[in-house]
1. State yes or no: is CYS162 in the same structural domain as ASP48 (by TED's automatic domain parsing), at pLDDT 95 or above and crowded, with 23+ Cβ neighbours inside 10 Å?
2. GLU141 - would you say it is more than 23 Å from the chain's Cα centre (by Cα) and touching a residue at least 24 places away in the same chain (Cβ under 8 Å)?
3. Based on this model, can you work out whether GLY441 counts as at pLDDT below 95 and crowded, with 20+ Cβ neighbours inside 10 Å?
4. Kindly establish whether GLN310 is closer than 22 Å to GLY260 by Cα and either within 18 Å of the chain's Cα centre (by Cα) or of a type in the set (Val, Ile, Thr) (or both).
5. Could you figure out which of (1) over 28 Å from the mean Cα position of the chain (by Cα); (2) crowded, with 24+ Cβ neighbours inside 10 Å isn't true of PRO94?
6. Among (1) more than 22 Å from ILE278 (Cβ to Cβ); (2) crowded, with 18+ Cβ neighbours inside 10 Å, there is one condition GLU403 misses while meeting the rest; what is its number?
7. How do the pairs read when you match residues in segment 383-399 that are without any contact (Cβ under 8 Å) to a residue 24 or more places away in the chain and closer than 13 Å to GLN326 by Cα with residues anywhere that are surrounded by fewer than 21 Cβ atoms within 10 Å (Cβ to Cβ) and aromatic (Phe, Trp, Tyr), using Cβ under 6 Å and keeping only pairs 6 or more apart or on different chains?
8. Does SER124 qualify as being part of a strand (DSSP E or B), among the polar types (S, T, N, Q) and within 22 Å of LYS166 (Cα to Cα)?
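The values are calculated or read from the model by the stated rules, or taken from the named source; none is laboratory data. In this text, all values refer to a predicted model and were calculated from it rather than measured experimentally. No Cβ is skipped: glycine too gets one built from the backbone with ideal geometry, and neighbour counts run over all protein chains shown.
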Amino acid sequence: MNLKFSHILNALLVFVLLATPGGYAQNKKTPMMGWSSWNTFRININEDLIKETADAMVAKGLKDAGYTFVNIDDGFFYGRDEKGNLLVHPEKFPNGMKAVADHIHKLGLKAGIYSDVGIQTCGSIWDNDKYGMTVGLWGHEERDADLYFNQWGYDYIKVDYCGGEKVSDEGRKDEEQKYKYILETIKKTAKKDIRFNVCRWQFPGTWVGDSFGSWRIFVDISEDFNKSDRGVIGTLEKNMFLAAYASPGHFNDMDMMQLGRGTMNENEEMSHFGIWCIMSSPLMIGCDLRTIPESTLKIITNKEVIAINQDVLGMQAQLVSRTGKQIVLAKPLEKREGKIRAVALVNAELEPKTMRVSFRDIQLDGSVKVRDLWQHKDLGKFQDYFEVEVPAHGTAMLKLEGERTFDKTIYEAEYTFLNEFIGPDGVNGKARPTKGDNLSGGAKLGWLGNSATNWAEFRDIYSSKGGRYKMNIYYLCDDERELTVTVNGKEYKLENLKSGSTNTIASTSIDINLKKGQNVIRLSNDRGWTPDIDKIELVLLSNTK
């Protein structure tokens, strides 16, 4: 394709995307944006509330900012009739659920609905909703899918797991089988493309990545910034090393946002929103939109910060550095190996801190342009680093463009794709990231190996020219262990690896060849445990001729 024509075509595609009603959110490859009823109202919802919320989304400029989904969570049920047909609460929704979806659609918005993998919903368990005891999808998958998506016309479904814990059969014993059965039923039954959220309250497992639009990575978020491990910072920590599982159209869901509920100050709300954006989480508002404070509305309609979330690469930010509760996050924008980065300087401390991002840590070189996304202001060009004072519980949101970029040389092991990883912290006997002191990125990869399937892969090893490299592997173990390194299919067997203790880092090296472009490096040991892996380092020896 002619290069000039390619650039024109790309520009036209971006123009069409931005000109579409609803803006970025019309692109199914980017995280969802919208509102959900659960955080504020739980099962106490009704037809007027949902319609008024949809009206407010348009009137307050949220639709224009990209928020297009109005999601009805638990609380609309009224049990089932003797034939198993789902019933709608006649007092809460006197005109039925189709009338609500029709109202939402007439406003140019999308309508979302809720169910559970099992027989009963979470509201029936935690909110004593007697009408939710028999309304889950189990045994009614095809019937309910036809009702939700063909008869009522909904566009999205969140599928919970409260009832799912109580049901199984020979064909569907585990979570993967249960969720995939529902997904396949929807694909077979629904007459349009449906977005699907897996709500398992933890990272469900690597099986979600290619099939589902989003999946919760932790329990329900609390209303605080950093008072509990379920607050904003606690949820960030659970998502910190899950970047390998996010991709265009498939995202780690940090839960509905708690902004606008009167429990956080302005700096905390800005941090909350900025973190969700740079981590590429779905942006689902959880407050009452009819009474949302103007200060919150200003934060969540900041189009430059939203653009970080809606970037077409669909990448999730990774940890660049941290000092105490000061966290620097970054991700590429627009082009994976390009010269533009989004950076968040998160200060979870109780007092203001001067925070810095080193340009070499994010592969930028030369003169670097820095833009403040909160203030919509260019701050100038800088060399080597940028630093700024960040208020207590505040977050600086920046867009950086370097004069040049260079190949990444340090790859932290905690960001590998783990074939059998499950849960926010992993499970025994399966590879998982583990935090610790004196580690390169603040964490290491442990419990790797001991089976043919418990492997880890660096899937983003990039070489701009290709060539021969020295690969340094930094590891920890107090007994002799083996490691198999596979580079684009070629195996290297490493034996007698021992660092002296589980707190001592040692290194070993091999010479490898990387092709131009993307490369894959796998770490494994099907006969025993590998050492814990801190990081790998690539040193160019010679370019491909």
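1. So CYS162 does not fit the description; no.
2. yes
3. yes
4. Judged against the criteria, GLN310 is a match.
5. Just one mismatch for PRO94, condition (2).
6. (2)
7. none
8. Judged against the criteria, SER124 is not a match.
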